[in-house]
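First the structure, in the form of structure tokens, and then the observations on it.
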Amino acid sequence: MDLTQGTQQEKEARSKKMMLWFGIGSLIMTFAGLTSAFIVSRKREDWLNDFELPQAFMISVLVIIVSSFTMIMAKRAMKQNNVSQTTIWLLITFVLGVFFISNQFQGFSEFVAEGYYFTGATSNVTISFIYVIAVVHILHVIAGLISLIVVIINNLNKKYTSNNMLGLELAAHFWHFIDILWVCLFLFLYFFRYII
């Protein structure tokens with residue numbers, strides 16, 4: 001496919017989508033590096049094999065999956081040019097994203113209650129890795145929430161139609177990516193201790 005063909009709007013859409021996929025590729029590499037370091041570090045003498053992931057992290061998985069569904073509903077509503085319904089689904093997605101972050105911090109509180117701190121005398125390399133992985137992911141969820149705010153404002157200003165919803169599509173792709181990423185990270189952390 002010749003990327004130089006098409007209208008100016010089509011070219012811009014292709015370039016923005018390409019930039020998003022490059023960004024997603026770099027994020028995949030970042031988390032591949034973090035999980036690889038996690039795997040390599042298991043050979044340390046102070047590695048903790050019998051850790052339990054916080055219950056709040058499990059709830060986060062459900063919340064993030066539901067938020068992907070609400071984002072799909074927002075796109076479906078926009079394809080029908082239903083601005084108000086799109087706004088409602090986007091707002092629900094945003095609230096679920098905030099709830100996800102809240103659950104993550106609840107998970108950190110559960111770790112602290114068990115005596116596992118990120119750093120210090122009572123810290124543990126295993127749990128510290130989990131903190132880092134979760135916090136880096138939270139930062140990307142925050143980026144997703146910012147993009148949702150922009151999309152909601154643009155939608156309220158009627159900048160999207162069923163034929164022109166690039167901003168919404170880009171935000172949806174990024175949101176689905178960070179959702180899938182957390183599910184994969186959670187499964188990795190949950191099952192890792194059983195496969196080493």
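The values are calculated or read from the model by the stated rules, or taken from the named source; none is laboratory data. Not measured: the values here are computed from a predicted model. Every residue, glycine as well, gets a Cβ built from its backbone with ideal geometry; the counts of neighbours run over all protein chains shown.
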Exercise. Residues of the range 181-196 being part of a helix (DSSP H, G or I) and either free of Cβ contacts under 8 Å to residues at least 12 places away in the same chain or over 11 Å from the mean Cα position of the chain (by Cα) (or both), which ones?
Worked result: CYS184, PHE186, LEU187, PHE188, LEU189, TYR190, PHE191, PHE192, ARG193, TYR194, ILE195
Exercise. Within the range 141-152, is there a residue that is more than 21 Å from SER41 (Cα to Cα), surrounded by 14 or more Cβ atoms within 10 Å (Cβ to Cβ) and hydroxyl-bearing (Ser, Thr, Tyr)?
Worked result: yes
Exercise. Among the residues of the range 126-147, is any hydroxyl-bearing (Ser, Thr, Tyr), free of Cβ contacts under 8 Å to residues at least 60 places away in the same chain, within 24 Å of GLN80 (Cα to Cα) and assigned to a helix (DSSP H, G or I)?
Worked result: yes
Seminar exercise, completed: Per the filter on the range 80-99, residues of a type in the set (Phe, Trp, Tyr) and either farther than 13 Å from VAL151 by Cβ or in contact with a Ser or Thr (Cβ under 8 Å, 6 or more places away or on another chain) (or both) are TRP89, PHE99
Exercise. Out of the range 162-180, which residues are more than 8 Å from the chain's Cα centre (by Cα) and not aliphatic (A, V, I, L, M)?
Worked result: SER162, ASN163, ASN164, GLY167, GLU169, HIS173
For this session: Might you let me know whether the range 101-112 holds any residue that is within 15 Å of VAL61 (Cβ to Cβ), hydrophobic (A, V, I, L, M, F, W, C) and either over 12 Å from the mean Cα position of the chain (by Cα) or in a helix (DSSP H, G or I) (or both)?
Result: yes
Exercise. For the range 28-82, what are the residues that are exposed (fewer than 13 other Cβ atoms within 10 Å of the Cβ) and farther than 23 Å from VAL132 by Cα?
Worked result: GLN80
Problem set entry | Criterion (out of contact with any Lys or Arg (no Cβ under 9 Å at 6 or more places or on another chain), at pLDDT below 90 and β-branched (Val, Ile, Thr)) met by exactly one of ILE195, ILE130, ILE142 | ILE195
